[in-house]
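All remarks here apply to the structure that follows.
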2 protein chains.
Amino acid sequence: MDTNEQQILKSWAINAERWTRVVQQKLLDSRVLVTDNAIVKAVVELKPQTFLDIGCGEGWLCRELWERGFDGWGVDAIAQMVETALGNGDERFVVSSYRDLPLQSFGSIKQFDCFICNFSVLGENTVFEIAQAGQSLLEPNGKIIIQTLHPHIACGELPYENGWRETSWLGIGDEEFHPAPWYFRTVSSWIEEFHRRNYRLLKLIEPIHPKTNSPASILFIFEQQ
Amino acid sequence: MDTNEQQILKSWAINAERWTRVVQQKLLDSRVLVTDNAIVKAVVELKPQTFLDIGCGEGWLCRELWERGFDGWGVDAIAQMVETALGNGDERFVVSSYRDLPLQSFGSIKQFDCFICNFSVLGENTVFEIAQAGQSLLEPNGKIIIQTLHPHIACGELPYENGWRETSWLGIGDEEFHPAPWYFRTVSSWIEEFHRRNYRLLKLIEPIHPKTNSPASILFIFEQQ
């Protein structure tokens, strides 16, 4: 039987094509209105010389950042996503699980100024794997930028505590998605997990959705100590 | 006409006696079940040699901490609160506005290991005044522990943005309170205000209310850099 972590990879492999359509045809309101801009703005304000977009999907964020003059790479665990990304002509994409990141090569870049995880920290162990990868792949005082569902909004009527949940695919056009689990974390747990691994919170951002006046997501920027 | 900040002091002066009754007769469920323990636990884990309880009210928290062997003082802007606190026999209470804290004497203690603000950061400028007081009154790497209403719970149906609100006195026995304004801050704003003033978030705690399974409050522990 698959673990939840394996199930995530399997589901996203099945969903890769549909998800690419959602991103490229801009079918997800919250992304178009709020969260795409929020992640780009957070990176731009940090002015990293180099970035690693972890869980890059079909690569839109890398292309946005390259256009703005930042150098960096995209990485995704799903081969088909990376294939689509490479199809746009730039070679700076690679397939890798998060755990194997330290084993990969990224052209001439040995260490990055920042990691970017845009709605791509989905598992329970993922936090550990990313923090761990930062030990070798981040420059001193390197940053990790994470955008994710806002725990207080995503919590819904369930108890506000860490645990596995099922992804809601509501509001994503007419696409049918394969069910994918994800690991819910409280705000305090997100911060604690990185603090105990030698990172410290630099900034917390709650971009507001103009239609609901509630946070559309949350961004954590951690700095390696 | 009073500013909101002045109105807070006026209201709490009027409410002092009633509030003392709420605390001493344990009329507020969330305090008894969750938040009293949460603040004591946060302080105990930090093991400060000395503390300053800012907005100490009738002094219960000081007494709890003294009993556990921590040395410290209580301060409140409302004279009647401090009078009640002094009535219990210990002299380590003083009346002071938050802005005037650096002008006060606290026996032999010149600098504190930590400030404690337990539901006592109510105004818009209060954050600034406390951060400012820390410049002279905190030891190097001193901590500020703040417990307050959890923004995501307290927000209710209003837009999730900073601004003045009216205190809800619901659920506090049969007591009638004078209306008191308070300044609502988002989670990101709490953190940003201290980060821009040379403090960094050390820990964020969300104590869960056993009846609602939602956070009963939020605690921020900031460290001076």
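With label points defined 7 Å past Cα in the direction of Cβ, position A:E175 shows copy-to-copy spacings of 5.3 nm, given to one decimal and shortest first.
In segment B:152-195, the residues whose accessible area drops by at least 40 square angstrom when the other protein chains are added to the isolated chain are B:H152, B:Y160, B:S188; the probe is 1.4 Å and only protein heavy atoms count.
Of all DSSP beta bridges confined to segment B:3-224, the antiparallel ones make up roughly 50%. Across the alpha-carbon set of segment A:104-225, the Rg to Rh ratio works out to 1.00, Rh being the Kirkwood radius.
Between identical copies, the spacing of B:D2 label points, each set 7 Å from Cα toward the C-beta atom, reads 6.1 nm from nearest to farthest.
Taken over the C-alpha atoms, segment A:40-92 has Rg and Dmax values of 10.7, 31 angstrom.
Could you check what % of the DSSP bridge pairs in the protein assembly as shown are antiparallel, to the nearest 5? Of the beta bridges lying entirely in the protein assembly as shown, close to 50 percent run antiparallel. Placing one equal scatterer on every Cα of segment B:1-90 and applying the Debye formula, the log10 ratio I(q)/I(0) at q = 0.12, 0.20, 0.22, 0.26 Å⁻¹ is -0.40, -1.03, -1.17, -1.35.
Over the residues of the protein assembly as shown, the helix contribution to mean residue ellipticity at 222 nm works out to -9500 deg cm²/dmol, using -39500 (n - 2.57) for each DSSP H run of at least 4. Sites listed here are trypsin sites (Lys or Arg not before Pro) in segment B:169-225 whose DSSP assignment is loop and whose Cβ has at most 16 other Cβ atoms within 10 Å: B:R196, B:K211. Summarising the amide proton neighbourhood of A:F93: residues at separation of 5 or more, or on other chains, whose placed amide H is nearer than 5 Å comprise A:G74.
The charge dipole of chain B, taken about the Cα centre with unit charges on the Cβ atoms of Lys, Arg (+1) and Asp, Glu (-1), comes to about 520 debye, rounded to the nearest 20. The phi-based Karplus calculation (6.51 cos²θ - 1.76 cosθ + 1.60; θ = phi - 60°) puts the 3J(HN,Hα) values of segment A:187-200 at 4, 5, 5, 3, 5, 4, 4, 7, 4, 6, 10, 6, 10, 10 Hz, whole numbers, x for Gly and Pro.
Where nothing but the Cβ of Lys and Arg (+1) and of Asp and Glu (-1) is charged, how large is the charge dipole of segment A:1-129 around its Cα centre, in debye to the nearest 20?
It works out to roughly 220 debye.
Here the accessible area of chain B is 48 percent carbon and sulfur, with a 1.4 angstrom probe and all protein chains present.
Given +1 at the Cβ of Lys and Arg, -1 at the Cβ of Asp and Glu and no other charges, the dipole of the protein assembly as shown around its Cα centre is 580 debye to the nearest 20.
Calculated accessible area for the protein assembly as shown comes out at 46 Å² per residue, all protein chains present (probe 1.4 Å; ligands, DNA, RNA ignored). Which one, B:C117, A:G134, A:T3, is farthest towards the positive end of the dipole of the protein assembly as shown when Lys and Arg carry +1 and Asp and Glu -1 on their Cβ? Of the listed residues, the answer is A:G134. The H on the amide N of B:T50, modeled in the peptide plane, is under 5 Å from the matching H of B:D113, B:C114, each at least 5 residues off or on a different chain. For chain B, averaging the sequence separation of C-alpha pairs within contact (under 8 Å, six or more residues apart) and dividing by the residue count gives a relative contact order of 22 percent.
Counting only residues 5 or more places away or on other chains, whose amide H sits under 5 Å from the amide H of A:N118 once H atoms are built in the peptide plane? The list, which skips near neighbours in sequence, is A:I54, A:Q147.
The values are calculated or read from the model by the stated rules, or taken from the named source; none is laboratory data. Only a predicted model underlies this, so the values are computations on that prediction, with no experimental measurement involved. Don't worry about glycine lacking a Cβ; one is built from the backbone with ideal geometry, like all the others, and counts go over all protein chains shown. Note: areas computed on protein heavy atoms with side chains; ligands, DNA, RNA excluded. Shrake-Rupley method; radii C 1.70, N 1.55, O 1.52, S 1.80 Å.
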